[in-house]
1. Scan (1) in a helix (DSSP H, G or I); (2) touching a Leu at 6+ places or on another chain (Cβ under 9 Å) for the single condition Val380 breaks and write down its number.
2. Only residues in the range 234-247 that are within 12 Å of Tyr303 (Cβ to Cβ) count as the first member; pair them with residues that are in a helix (DSSP H, G or I) and open to solvent by 80 Å² or more (accessible area, probe 1.4 Å), Cβ under 8 angstrom, at least 6 apart or cross-chain, and list the lot.
3. Here is a check on your reading of the model: is Met453 under 30 Å from Val251 (Cβ atoms), touching a residue at least 40 places away in the same chain (Cβ under 8 Å), in contact with a Phe, Trp or Tyr (Cβ under 8 Å, 6 or more places away or on another chain) and open to solvent by 10 Å² or more (accessible area, probe 1.4 Å)?
4. So which of Val148, Val137 ends up being touching a residue at least 60 places away in the same chain (Cβ under 8 Å) and either open to solvent by 10 Å² or more (accessible area, probe 1.4 Å) or acidic (Asp, Glu) (or both)?
5. How many residues does the range 308-355 contain that are at pLDDT below 90, touching a His at 6+ places or on another chain (Cβ under 9 Å) and of a type in the set (Ser, Thr, Tyr)?
6. I'm trying to understand the selection: among the residues of the range 395-425, which are assigned to a loop (DSSP other than H, G, I, E, B), open to solvent by less than 10 Å² (accessible area, probe 1.4 Å) and more than 14 Å from Ala130 (Cα to Cα)?
7. Gly250 - would you say it is over 19 Å from Met168 (Cβ atoms) and either surrounded by fewer than 16 Cβ atoms within 10 Å (Cβ to Cβ) or of a type in the set (Val, Ile, Thr) (or both)?
8. Kindly list the number of the only condition in (1) in a loop (DSSP other than H, G, I, E, B); (2) touching an Asp or Glu at 6+ places or on another chain (Cβ under 9 Å) that fails for Val109.
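The values are calculated or read from the model by the stated rules, or taken from the named source; none is laboratory data. In this text, all values refer to a predicted model and were calculated from it rather than measured experimentally. We place every Cβ from the backbone using ideal geometry, glycine too, and count neighbours over all the protein chains shown. Just so you know, the surface numbers come from the protein's heavy atoms only, side chains and all, with ligands and any DNA or RNA stripped out. Shrake-Rupley method; radii C 1.70, N 1.55, O 1.52, S 1.80 Å.
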Amino acid sequence: MTTTENSAGGTSIGPEDSAGPDPYSAPERETTEGTVYTVTGGDWDTLMDADHEDRIVINMGPQHPSTHGVLRLVLELEGETVTQGRAVIGYLHTGIEKNCEYRTWTQGVTFVTRADYLAPLFNEAAYCMAVEKLLGVQVPDRAEHIRVLLMELNRIGSHLVALATGGMELGALTGMTSGFREREEVLHLLEFLTGLRMNHAFIRPGGLAQDLPEGYREKVTEFLDVMDSRLPDYDRLLTGQPIWKQRLEGVGYLPVDGCLALGASGPILRSAGLAWDLRKHMPYSVYDQYDFEVPTATEADCYARYRLRVAEIHESLKIMRQALTKLDEVGPGRVMVDDPKVAWPAQLSIGSDGMGNTLEHVRKIMGQSMESLIHHFKLVTEGFHVPPGQAFSAVESPRGELGVHLVSDGGTRPVRVHLRDPSFVNLQSMPAMSEGGQVADVIAAVASIDPVMGGCDR
């Protein structure tokens, strides 16, 4: 430590000397080429181990074609064996939950639908069910059955993407092209039914944005027939294919106790033998009126999860057929609650441009009375008041248990919105599935988890 003499005859300690060596400065050493700095830190140090200098730490992602968009995996390797693995998230953070706190309850639908963007209708349904709990309203039966129809259609589309991307990541390119071909059929039908291929904002608090269009039954039946004819191709192409089985069987093993300890749900949990499905065990909407099975397996590996997703597509097709019958039994009627203080205008007539309202609809809104026009204006711009309290609602999304927790202070906006997204929880099983296996098996394990990073980061 060095000191300097000041004008008063005393000594003062320099700022560098008072604190000693700067703990944040990089170690340095002199070489013939000049000063060389050794920089460490950040999340790399979580895997650095002085006792195992023969190991290497690598990044797999976020710029990687097999990590589902923007997932980063930090892997410690000894040869080709993964000794440690960590998932690093946050590259797709959108602030969806916080944004909802600055919008009306109805506008929140347009945000949550963009979280898990492969299953947007599940986000909308869980959010709206929580709002409806706070409001204490009952959705019309027709709207409930339409919700079931749309969610099961969306489940099929999501599972098809899981099969397609999993095939692509493991080299089965025909599986990828076939999966996206069928998913395109799903998106075409969703566009016909709701007006949009993704991010629909079709399910609203109290019901639906509007009723299904004319000819929906024929379109849905046509889709069901197409899927029935094409699904067996997946068994011929992948299920019995020796290379596909060798890449998946015994890989990504996670038994039921591990699933429960990590909170994993959906196909991961059911592949370990536990037939847990919220549609059966904690029925919501009108699922208790439908007849379907919950496929399970006991192998608890990637191959079991693949087979479960194919089996669940068959069950969803069965539910969709029943939904058409239920809609015929219910008949035409309201798809929004009969409460003018809550009901968003649901019987809209779309203009010829497909974007605005028709002149007839505008004339009806503006021609009734000044009071109805004022009410319509305030309902759309300010939103409705929700009684103070909190509510939690959960649905069985394609990836597992999707929950929404809402807190209201009695205003027109939520105080807090939180999504319990299954991708976020299930992704924590990646190290347990991967450590001790090969690098190539990490890809299969992550594909079997089927994480959607929009929901994970939200």
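1. With respect to (1) in a helix (DSSP H, G or I); (2) touching a Leu at 6+ places or on another chain (Cβ under 9 Å), Val380 is out only on (2).
2. From the range 234-247, the pairs are Thr239/Arg307.
3. When the stated conditions are applied, Met453 does not pass them.
4. After ruling out the rest, the residue left standing is Val137.
5. 1
6. The answer is Pro398, Arg399, Asp421.
7. In short, yes.
8. Looking at each condition in turn, Val109 falls short on (1).
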